[in-house]
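Working notes, beginning with the structure itself.
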Amino acid sequence: MAQFATDTDLLEYEPQIHDFGIQDFGNDPNLHEKTYDDIIRLLNIKWFPTTQFGRYDITISNNHLKLDENKIVEAQFKRAAVYHVLGYYVYGRLSTFDPDGDSFKEKMMYYKNLFNEEFDLILQEGVQYDLDSDGNIDSSEETPYYHNRLQR
């Protein structure tokens, strides 16, 4: 299954992450694959319905538009994937959720916020998606999502 980031990418942001008892984030369950699925889900909900898809080949599933995962540039989502794995899976497992707080809970919230900021920046900048299936992504295929614009 596909993934945007690896354990090596996590170590760039949190070099001591293995000191807390989890040695491999790619096994049972694969947290990177779960993050990949979550990001694709968010793209299908927030971004893909807003793209200019009238003249391109689009996969239609049960009358709901779904993006083709093979047409996105995975490198664009690496940083967001690292933040997502850390914020939604790793530090959630390590936290005691003590009402007085703990450092893992603080880091979990920190990385969740970073993920939301990074994902919004990707949407505003324009998701790199090969709409016409020609193998190249030109500027017309980097469709930004406009937050403050009326869409019909």
Could you please find all residues in region 79-120 being buried (at least 19 other Cβ atoms within 10 Å of the Cβ), within 17 Å of GLN16 (Cβ to Cβ) and either touching a Lys or Arg at 6+ places or on another chain (Cβ under 6 Å) or among the hydrophobic types (A, V, I, L, M, F, W, C) (or both)?
-> VAL82, VAL85, LEU86, GLY87, VAL90, TYR91, MET108
Would you please list the contacts, defined by Cβ atoms under 7 Å and residues six or more apart or on different chains, that run from a residue in region 70-99 that is among the acidic types (Asp, Glu) to a residue that is buried (at least 16 other Cβ atoms within 10 Å of the Cβ)?
-> GLU74/PHE4
Pairs where the first residue, in region 4-24, is within 13 Å of TYR91 (Cβ to Cβ) and modelled with pLDDT of 85 or more and the second is part of a loop (DSSP other than H, G, I, E, B) and not hydroxyl-bearing (Ser, Thr, Tyr), C-beta under 9 Å, 6+ apart | LEU10/PHE25
May I ask you to verify whether TYR111 is at pLDDT below 95, within 19 Å of the chain's Cα centre (by Cα) and aromatic (Phe, Trp, Tyr)?
-> no
Please work out which residue is surrounded by the most Cβ atoms within 10 Å (Cβ to Cβ), limiting yourself to region 123-152 and to residues that are in contact with a helix residue (DSSP H, G or I) (Cβ under 6 Å, 6 or more places away or on another chain) and modelled with pLDDT of 75 or more.
-> VAL127
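Take ASN116 and tell me if it is under 12 Å from the mean Cα position of the chain (by Cα), part of a helix (DSSP H, G or I), among the polar types (S, T, N, Q) and more than 19 Å from GLU12 (Cβ to Cβ). Spell out the reasoning first.
Working: under 12 Å from the mean Cα position of the chain (by Cα): yes; part of a helix (DSSP H, G or I): yes; among the polar types (S, T, N, Q): yes; more than 19 Å from GLU12 (Cβ to Cβ): yes.
For ASN116, the condition - under 12 Å from the mean Cα position of the chain (by Cα), part of a helix (DSSP H, G or I), among the polar types (S, T, N, Q) and more than 19 Å from GLU12 (Cβ to Cβ) - is met.
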Taking region 41-78, which residues are of a type in the set (S, T, N, Q), modelled with pLDDT of 85 or more and surrounded by 14 or more Cβ atoms within 10 Å (Cβ to Cβ)?
-> ASN44, GLN76
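The values are calculated or read from the model by the stated rules, or taken from the named source; none is laboratory data. The shown structure was predicted, so the numbers you read here are calculated from the model rather than taken from an experiment. Note that we place each Cβ from the backbone using ideal geometry, even for glycine, and neighbour counts take in every protein chain shown.
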